[in-house]
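Below is one structure, written out as structure tokens; comments come after it.
The values are calculated or read from the model by the stated rules, or taken from the named source; none is laboratory data. Keep in mind it's a predicted model, so treat the numbers as computed, not measured. Virtual Cβ from ideal backbone geometry, glycine too; neighbours counted across all protein chains shown. The area values use the complete protein model at the heavy-atom level, side chains included, leaving out ligands, DNA and RNA. Shrake-Rupley method; radii C 1.70, N 1.55, O 1.52, S 1.80 Å.
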Amino acid sequence: MIDCNNERAGSSAVAHSIGLPTLAMVWRLLLALAMVGLLIHPRAAQAWGAQGHQLVAEYAESRLSAQARAEIDRLLALEPGATLVSISTWADEKRSASTAAWHYLNFPRGADCSYDAAIHCVDGNCVVGSVERQSAILASNAPDAERLKAMKYLVHMVADVHQPLHAGFADDRGGNKFQIQAYGRGTNLHALWDSALIDNWPGGMPALRMAMAAADAERDGDAVVAAQESCRIVSSVGFYPGGRKVGADYEQHWSATLVQRLSTAGARLAVVLESAVAAWQTPAPKN
């Protein structure tokens, strides 16, 4: 019978004698490499957290006409159980290297926030281009499966362009590189606006829903207008917290803006969906 303990002990001795790495050394090396990977390739930001996207979809749904709701429900029925709320995070869940740029656009810091597609959205690869492209598909006579996919992108991207830092500055990757302290932990400004301000709303989601319902949401305005609005918010004095610490004063100052962006995103999403459905149902002119 082979003495396995002696064999392992002998192997360990040989490893030490010839300089081979031990298992512990290998694990330490792998852990170090993983940490380096995280630093080099930070996790992509998910515009508005899941709750933010769901709030926008809920708000939009509450403003749809019966006609638009019927067509939207017909498309959603292609995936049993799907709702506007459930598909609102799909574009983040399916994000890839080829679609990542569809979620944001970058303005140069210090500019006047005027959108120029040739500069800010080359080949349509930005959040404004994505909204325009998916709206056109939803309004077209494309197969229903393609129209449903377009609607999934549209519900998500209309919300994205209203998150201020998704039309922020390139030099800090929309606040991703601006480190802050908030709610007792280290994070970054982008993550604060994506989810932390929402997750920590006084009174929770019921209170935030009530605030959105009471807000004077702006219906007029397309994705270009929304992007320019977001850029101007990011450019405002005090948006980047002084001392890199977020406290009650920051929350109080920016709470109305957060509510306004969420409710306006929902109101404009309802308009976009209504317009696309109306265009689809309008017969094409005959020659």
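One table, with the values for the structure above:
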| item | result |
| --- | --- |
| Kirkwood Rh and Cα Rg combined as Rg over Rh, evaluated for segment 139-248 | 1.03 |
| Ratio of the Cα radius of gyration of segment 82-210 to 2.2 N^0.38 Å, where N counts its residues | 1.17 |
| Zone of THR282's modelled label, taken as backbone nitrogen in segment 119-162 under 14 Å from a point 7 Å along Cα→Cβ | 136, 139-141 |
| Radius 12 Å from Cβ of LEU148, net charge of other residues (Lys, Arg +1; Asp, Glu -1) | -1 |
| Additional length obtainable on full extension of the chain from SER114 to ARG74, 0.36 nm per residue less Cα span | 10.6 nm |
| Net charge over other residues, Cβ less than 14 angstrom from the Cβ of ASN200 (K, R count +1; D, E count -1) | -2 |
| Under 5 Å, built H, 5+ apart or other chain: amide partners of LEU64 | none |
| Residue-by-residue Karplus 3J(HN,Hα) for segment 183-195, coefficients 6.51, -1.76, 1.60, Hz, glycine and proline x | 6, x, 8, x, 7, 10, 5, 5, 5, 4, 7, 4, 9 |
| Estimated distance in nm for a label pair at LYS177 and ALA82, the labels positioned 7 Å out from Cα along Cα-to-Cβ | 3.7 |
| Solvent-accessible heavy-atom area per residue, rounded to whole Å², over segment 101-255 at 1.4 Å | 45 |
| Accessible area of ARG63 in the full protein assembly, 1.4 Å probe (Å², nearest 10) | 90 |
| Fraction of accessible area attributable to carbon and sulfur, segment 144-195 (%, probe 1.4 Å) | 48 |
| Largest-first principal axis extents of the Cα set of segment 151-201 (Å) | 38, 29, 13 |
| Computed lengthening from ASN200 to ASP216, 0.36 nm per intervening residue step minus Cα-Cα distance | 3.5 nm |
